[in-house]
Every structure is written in structure tokens, then in C-alpha cells.
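> Shown below is the structure under consideration.
Quick note: the coordinates plus some simple rules give every number you see, no bench work behind them. Just so we're clear, the structure is a prediction, and the values are computed from it rather than from any experiment. Methodologically, a virtual Cβ is constructed for each residue, glycine included, from the backbone with ideal geometry; neighbour enumeration extends over all protein chains shown.
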């Protein structure tokens with residue numbers, strides 16, 4: 001059984017060259033909840049893959065060391081717990097963890113150079129590049145409400161968008177960026193360069209659901225594998241998972257990038273004055289599933305032509321829910337754009 005705690009709250013309507021956002025807030029689970037904090041995982045291979053993943057955190061949520069600081073290597077994180085940020089109902093998982101991230105990404109190599117891959121809707125412009133930081137090794141046991149700090153060595157800057165696509169009709173959605181320096185001590189992930197995954201292969205997704213510390217979700221299954229641009233899978237993913245790496249558990253190669261999915265949270269009215277949000281459950285195979293952009297689409301990395309996009313015949317609808325936090329972007333003023 002699988003759970004798909006999905007990419008959360010936003011429904012984006014996109015036309016060529018123009019985007020607007022409308023949102024609701026539901027949450028979806030496909031079967032059992034297989035999420036586990038990376039540091040608590042018992043699978044050493046998955047934990048190794050996780051070292052090459054990163055959290056995208058708005059610069060205005062971080063305070064960098066000042067000249068006279070007593071701890072010049074510490075970067076303070078400004079974030080409430082997930083319970084506070086999302087107004088969760090009591091008893092939801094990970095409710096006491098910090099949740100500063102708004103997207104996820106992962107490290108790959110092209111020749112001797114390193115690049116970071118994420119969702120195209122997470123990195124639309126040079127403003128997105130300059131107004132966010134990328135943090136490797138964000139783990140709950142190290143960065144939490146008692147010790148809300150990263151080290152300066154964990155934090156990287158985007159300096160250039162190498163390639164970015166957010167296509168209305170094909171729904172192709174990815175970005176490749178260059179960081180300000182090499183990520184030392186981390187092995188970039190190997191990617192599939194041609195062909196498609198076998199539909200029977202198991203998937204593993206690693207990223208920052210709901211902005212949380214690194215989380216591994218395994219036992220993912222493929223629902224649809226016929227589209228050239230993306231596959232549809234049962235994955236336990238939330239807002240903040242956009243850009244997360246989706247690995248082939250059998251071969252250990254990157255198959256794609258988590259980009260879209262089912263709406264996430266259910267609104268619960270407790271009384272006339274109080275309300276909260278809880279995870280909504282879907283049976284295995286129900287609801288829409290999660291969309292994963294194929295890594296083979298990225299010609300910049302594969303050196304091969306990507307698939308040809310069809311002619312525009314439709315606009316995005318409720319099935320095109322990006323898995324990210326739009327209010328985390330400074331362009332949204334930090335306001336939660338909920339429509340109930």
C-alpha cells in the first residue's frame with residue numbers, strides 16, 4: 001500500500017508566457033505512509049543517495065554570520081514547526097519539525113562539472129535563482145526547534161540557470177542550475193540517459209515534503225508509463241517535494257523529478273471558531289497519482305534530443321498541481337493563498 005501526501009496547496013493555471021495561481025488545501029495519502037526521516041532510514045544505499053539532495057530555502061528565512069558573531073560558521077533558520085506553519089490537526093506526523101524549505105533538488109554531473117536539478121516551476125527566473133539558497137544535509141536531528149542552525153558549508157547559492165522548461169501542453173517541467181561552488185564530499189547521482197523505466201520497477205523519492213528535513217519515501221509504484229514527458233506514480237509527497245529526485249530502487253539511477261500531484265490537506269472544522277488541516281487518504285490506485293518529469297527530457301544532461309512537444313490544445317487544470325509552496329516565494333509576500 002502506498003501513500004501519496006502530495007504536493008500541496010497550489011493549483012496553477014498557466015498559458016504560454018503567463019502564469020497565475022489559485023489554490024486550495026487538501027491532503028492525500030495512498031495507502032500506507034512510507035515516509036521516514038533520512039537519518040532514521042535503515043537502508044544505507046538510500047541514505048547515500050540522500051546526501052546528494054538539497055532543500056531550497058528563501059534567503060529571507062536565513063540569517064548569515066555577522067562580523068562580530070560568536071559562531072561565525074552558523075546560519076540561523078527562521079521557521080516555525082510544521083504544525084504551526086500548516087495549522088495541522090493534533091497528531092499529524094512530523095508536526096514538531098521545522099519546515100523552511102519550499103522546493104527540493106538534487107546534484108548531478110556533466111563531465112567534471114556539477115549541476116543541481118529541480119522543478120522548472122521552482123526556478124522560473126533569475127529572481128528565483130538569487131532569492132533562494134540551497135542547503136545540503138538538512139536533517140531533523142541536527143537542525144530543529146532547539147538548534148535552528150545550519151553551517152555555512154551546507155549552504156549554496158544559485159549563480160546561473162543553465163536550462164529551464166515549464167511547458168503548457170507537454171507539461172515538461174524541469175530546471176538545471178549551477179551552484180556557486182563545488183559540493184565537496186558528495187557524489188552526484190547517476191541518471192538514466194535513454195529509454196524508459198520498466199513499469200514494474202520500484203521507485204524511491206527523496207526530498208523535503210512540506211518543507212521538512214530530508215525524508216525518504218520508498219515502495220513507490222508506477223501507475224502510468226506511456227507519456228514521453230512524464231510518468232505517473234503512487235508516491236508519498238507533499239508541498240515542498242517539487243524538484244525531489246525520483247530514483248529507480250532496482251538500478252540506482254535517477255528516473256525523474258517530482259513535479260505535480262493530487263491536492264493535499266483536508267480542512268477540518270473543530271467548532272465555530274477553530275479549524276485545522278489533516279491528511280486526506282486515498283486507496284491504492286485512487287486519486288490522480290503524482291507526476292514525475294523524466295530525466296531523459298533534459299538534453300543538457302543526456303546529450304540527446306528530448307521528446308517533441310505536441311501542439312497546444314489545452315490549458316492546465318486541477319490535475320496540474322505543482323508540489324511547492326507559492327507563498328514561500330518573496331513574490332507572494334509570504335502570504336498563504338488559501339481558497340476554501
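> Regarding the range 10-332, what is the average projected area of its C-alpha convex hull, in nm²?
17.0
> If we count other beta carbons within 10 Å of each Cβ, what is the order of 226, 198, 236, fewest first?
Listed from fewest to most nearby Cβ atoms, that is 226, 198, 236.
> Right, another one. So how do 115-124, 139-148, 250-259 stack up, highest first, on mean other-Cβ count within 10 Å? Working shown, then result.
Details: 115-124: 25.8, 139-148: 14.6, 250-259: 23.0.
The most tightly packed comes first, giving 115-124, 250-259, 139-148.
> Note the full-extension length gain between residue 80 and residue 249 as 0.36 nm times their separation in residues minus their Cα-Cα distance, in nm to one decimal. Present the calculation step by step, with values, prior to reporting the outcome.
On the way: separation 169, 0.36 × 169 = 60.84 nm, distance 3.33 nm.
So the extension gain works out to 57.5 nm.
> Can I ask one more? For a distance above 21 Å, tell me the whole-number percent of Cα pairs in the range 100-175 that qualify.
Distances greater than 21 Å cover 36 percent of the Cα pairs.
> On to the next question. Quick one: 156, 149, fewest Cβ neighbours within 10 Å first, how do they rank?
Listing 156, 149 from fewest to most nearby Cβ atoms yields 149, 156.
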